Amino acid sequence: MLTHRPHNSQPPTPARAHAPGFTLIELLVVIGIIALLVGILLPALSQARKTAKTAKCASNERQVSMAWQAYLFDSKETFPVWTDAQGGWWLAWKYGGNLDWWVPTPPTRPLTNYLDSPEAFLCPEDDYARKPNGEPLDYLVSGSIPGRVYTFYEFFGNDYIASTTLLQTFCAEVDRQYRGIRLGDVQKNHSKLILSGDPDWYFAVGDTQWKAEFHGKGDKANIVFLDGHVALTTIERGVSETDSYSFLHFDNVPYYWTLAGGASREYFKELLPE
């Protein structure tokens, strides 16, 4: 007797062959290749992150540069001045930045009205200065918390130190009328003269017993130059002038500084960093 299959039924199919899995050797080879790729990519990713942070720092300093230009425009091209014998050095840090500084009564910051974003004064690669033996800069070490070291931004509210000379560091002994230096008084090339920047530049040029490394070894620093442009610059340790930059010395300050208050030119020379 014949039997009929349903019209839409299919003939039975043979059992599908079971696909073989990875062997142990193949698995180890794959793991080795992945590890090799990770080893190749991680340094590249790390360098990319570092490059991005350096670019962010430069972007911040362009904002700082524009704030400087706006301040000078409103101030008849005259830099701010501090009426204290050592205040010019402090003003070199406190000209702008975070007003929530850890000292209870922060000083007036002349650029705050032109750039009210504290983050613009923060370098993503902020690091503290060190002595040759690796110990941190003395005044960045907290006495209340053993081992606590402040970053520059935590201590000053600003990561971009300005030229101490342009801000008349020792004006109380040199110019008793506390007159700010004018752009027209500066004879150095404005496109090479350092206005402000990562502290690497100052600790390489103005105070060589310390060292800061915001952007890696080699004293590289993002610099705001007096003409307003910003550039990542290699600072030669202990060298105040190269083809790329210059740091203002006593020979380039206005003559009236040596006359006011009876201060001598030789005395002024001793006060400025070599």
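List of remarks:
- Scanning the range 227-265 for residues that are acidic (Asp, Glu) and at pLDDT 90 or above turns up Asp227, Glu236, Asp243.
- Filtered by the rule that a residue be charged (D, E, K, R), surrounded by 15 or more Cβ atoms within 10 Å (Cβ to Cβ) and part of a helix (DSSP H, G or I), the range 126-168 gives a lone residue, Glu154.
- Among the residues here, Pro11 qualifies as open to solvent by less than 90 Å² (accessible area, probe 1.4 Å), at pLDDT below 75 and assigned to a loop (DSSP other than H, G, I, E, B).
- Subset of the range 59-70 (residues that are aliphatic (A, V, I, L, M) and open to solvent by 10 Å² or more (accessible area, probe 1.4 Å)): Met66, Ala70
- Residue count for the range 198-217, restricted to those that are more than 22 Å from Trp68 (Cβ to Cβ) and either within 14 Å of the chain's Cα centre (by Cα) or touching a residue at least 40 places away in the same chain (Cβ under 8 Å) (or both): 7
- Residues that are open to solvent by 50 Å² or more (accessible area, probe 1.4 Å), modelled with pLDDT under 85 and touching a helix residue (DSSP H, G or I) at 6+ places or on another chain (Cβ under 7 Å) are absent from the range 103-111 altogether.
- If the condition is being open to solvent by 20 Å² or more (accessible area, probe 1.4 Å), outside any loop (DSSP other than H, G, I, E, B) and among the polar types (S, T, N, Q), then the range 215-251 contributes only Thr234.
- Any pair with Cβ under 7 angstrom, 6 or more apart, that starts in the range 229-245 at a residue that is closer than 15 Å to Arg62 by Cα and ends at one that is open to solvent by 70 Å² or more (accessible area, probe 1.4 Å) and not in a loop (DSSP other than H, G, I, E, B): Val230/Arg62; Leu232/Lys220
- A search for C-beta distances below 6 Å between a residue of the range 177-197 that is on the phi < 0 side of the Ramachandran plot and any residue that is modelled with pLDDT under 80 and not in a loop (DSSP other than H, G, I, E, B), counting only pairs 6+ apart in sequence or on different chains, returns Gln177/Ala260; Gln187/Asn252; Lys188/Asn252.
The values are calculated or read from the model by the stated rules, or taken from the named source; none is laboratory data. Keep in mind that what you see is a predicted model, and the values were worked out from it rather than measured. Neighbour counts are summed over all protein chains in view; Cβ atoms, including those assigned to glycine, are modelled from backbone coordinates with ideal geometry. Surface areas here come from the heavy atoms of the whole protein model, side chains and all, with no ligands, DNA or RNA. Shrake-Rupley method; radii C 1.70, N 1.55, O 1.52, S 1.80 Å.
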